[in-house]
1. Select, from 243, 172, the only residue that is in a helix (DSSP H, G or I), touching a strand residue (DSSP E or B) at 6+ places or on another chain (Cβ under 9 Å) and within 20 Å of residue 148 (Cα to Cα).
2. Run residue 129 past the list (1) under 23 Å from residue 93 (Cα atoms); (2) surrounded by 24 or more Cβ atoms within 10 Å (Cβ to Cβ); (3) modelled with pLDDT of 90 or more and report the number of the one that doesn't hold.
3. How many residues are buried (at least 19 other Cβ atoms within 10 Å of the Cβ) and more than 19 Å from the chain's Cα centre (by Cα) if we restrict to the range 136-153?
4. Hand me the list of strands (runs of 3 or more DSSP E) wholly inside the range 288-361 holding 2 or more residues that are closer than 22 Å to residue 417 by Cβ and in contact with a strand residue (DSSP E or B) (Cβ under 6 Å, 6 or more places away or on another chain).
5. Working only within the range 375-398, note down all residues that are closer than 27 Å to residue 495 by Cα and part of a helix (DSSP H, G or I).
6. For the list (1) within 24 Å of residue 129 (Cβ to Cβ); (2) buried (at least 24 other Cβ atoms within 10 Å of the Cβ), I need the number of the one condition that residue 190 fails.
7. Write out, first by first residue and then by second, each pair whose Cβ atoms fall under 6 Å of each other, whose residues are 6+ apart or on separate chains, and whose first residue, in the range 41-55, is at positive phi while the second is crowded, with 16+ Cβ neighbours inside 10 Å.
8. Which count do you get for residues in the range 246-273 that are assigned to a loop (DSSP other than H, G, I, E, B) and either at pLDDT below 90 or in contact with a helix residue (DSSP H, G or I) (Cβ under 8 Å, 6 or more places away or on another chain) (or both)?
């Protein structure tokens, strides 16, 4: 049949993208094609493509007709759950975004919103299609608006699998999580050539916008993988922790029957000033191999990520004593605030593991706005209505105590280990201030200072004093941590918390 053979020819052309030579160059650059990526990302034979025959309407400046217009869109499943996807095809005009290209992505977003399912975009794009002029720029506006409408309603994930330049960077920035691939991903507003022309500064594209830069310095990306295959598998893993939309609960796995290691205290030194790795505590308390760290390479003085506790998904916010003694600073406050708000959007309970001496002091932090940035985390925790459970492992001092532990900030259940110290400041600093005159007038100031430190710690900086005030709900044996956290979580599973009716709050951005 003539019509059938016509359809076959159209499908053949669409599958070839920019042609065999362009596909060969894509592979030589260490990158897969859009269709190959979707084959890895989605369940086998689940992808249904939409808009296969779409083409741009501009033919000026030598533009040729390309079926699909440089982006492969449609829907499929991941572990049997529906998702909508848009994968840019670099073999077609460098994946550049034009009017129809943008409309296809926006249409997928709208369908994802209507169906209440996650939206995933695989970016491999040189930026706006210059030949289409303002239509390209307007196309970005169409996408950004729908990213914003979808925010907090469905999970949105961006995977940078090549260049992502100019206006293209802002859609990933609005979405919830950004993945990058080492050595092939690039993300920047202006490229190295423009920077050299304007400022005289020479910088490589990898230094400017590579995966390492955005995962360690800018914080624009949350995950980094060595290969595209590993990156897409990691995307699949992340989705296993997330609900389809904000009206559902996260998927619950079969309960993990692992009992917690009773040597948990071996992870924490007796000296409260010696560091330990909080990830060891996480591995001992939560379900086996369930921890998925988010923003692992950025602001490492705080650890955030997803885990399961007897099958239930939780979001973990934990101080990392190995880095800056676990102090809160500008970047860690931003990192935590963003993660907290995501968990609150999608009904994921929060568990804080606290060992924090305070906010990081110094003029650098003060001048750069630690007050404003720290307030973001305070705002995020206060705003969150999901269950919020706290375990104070060692120190919780000053403003950092308020941010991470305070019952009056809205934390539902606060637990503490017997070694916990909860106070306005550490015993050493407090003794220097409160007993300054007595120490100075003593015949042996050093010995007197030690005595006052010991007395302050016994009288004020211990969990029992705070528990008597009703600000700690229970002091627990460390070996019971898993059971106690799990019980607290189960007790909060039906939590409902109403807030004043308003359009939205005004977060201190």
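1. Only one candidate qualifies: 172.
2. (3)
3. Adding up the residues that qualify gives 5.
4. Here the list reads 302-309, 312-319, 350-356.
5. Passing the criteria: 375, 376, 377, 378, 379, 380, 381, 382, 383.
6. (2)
7. The qualifying pairs are 51/73; 51/104.
8. Number satisfying all stated conditions: 16.
The values are calculated or read from the model by the stated rules, or taken from the named source; none is laboratory data. Because the structure is a prediction, the values reported are computed rather than measured. Because the Cβ atoms are built from the backbone with ideal geometry, glycine has one as well, and the counts that use them run over all protein chains shown.
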